[in-house]
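Let me begin by presenting the structure, written as structure tokens, before commenting on it.
Nothing in this text is a laboratory measurement; each read-out follows from the coordinates by a stated rule. The shown structure was predicted, so the numbers you read here are calculated from the model rather than taken from an experiment. Positions of Cβ are backbone-derived with ideal geometry, glycine not excepted, and every protein chain shown enters the neighbour counts.
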Amino acid sequence: MSLIAWLCALLPLAFMVDGANVLYSLPGLLLALWSLTALDSILPSRLEDRGIVERGPYRFVRHPMYLGEILSLLGLCISANNTWNWFALLLFVRLVMVRISAEERVLASYEWYRKSVRWRFIPGVW
């Protein structure tokens, strides 16, 4: 699991940003920052149960920080359109999906939250 976490952290560094406009990534960045402010702690030493956060964007989707990261990278792909970035985005999304599944297995008493917040990070899809 820690390999997936490292890949998720480092893969955005592989994106090619020549010609990119940061404004395309701004909505995703703002969502990720809003998500961070809703957390009690953002520095766990390893994957652990930090409890369930129900405030901020966590009221709408269960993993808004990941959604923000994906939206930021999508904005980068749109503004600096090249095949490599689109491939890296698809890989990143897949890795995040694996990571989400692993994180949800760690959380205790998660079933009630899953019922109250239906979507993991894409409302109407997943």
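Numbers below:
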{"quantity": "Under the span-like rule (Cα at least 20 Å along the axis, Kyte-Doolittle mean at least -1.0), DSSP H helices of the chain", "calculated": "64-79, 83-106"}
{"quantity": "Relative packing of peptides 88-101, 69-82, 17-30, 52-65 - highest average C-beta neighbours within 10 Å first", "calculated": "69-82, 52-65, 88-101, 17-30"}
{"quantity": "The chain shape via C-alpha gyration tensor axes, a/c threshold 1.5", "calculated": "prolate"}
{"quantity": "Net charge dipole size for the chain [Lys, Arg +1 and Asp, Glu -1 on Cβ; Debye, nearest 20]", "calculated": "340"}
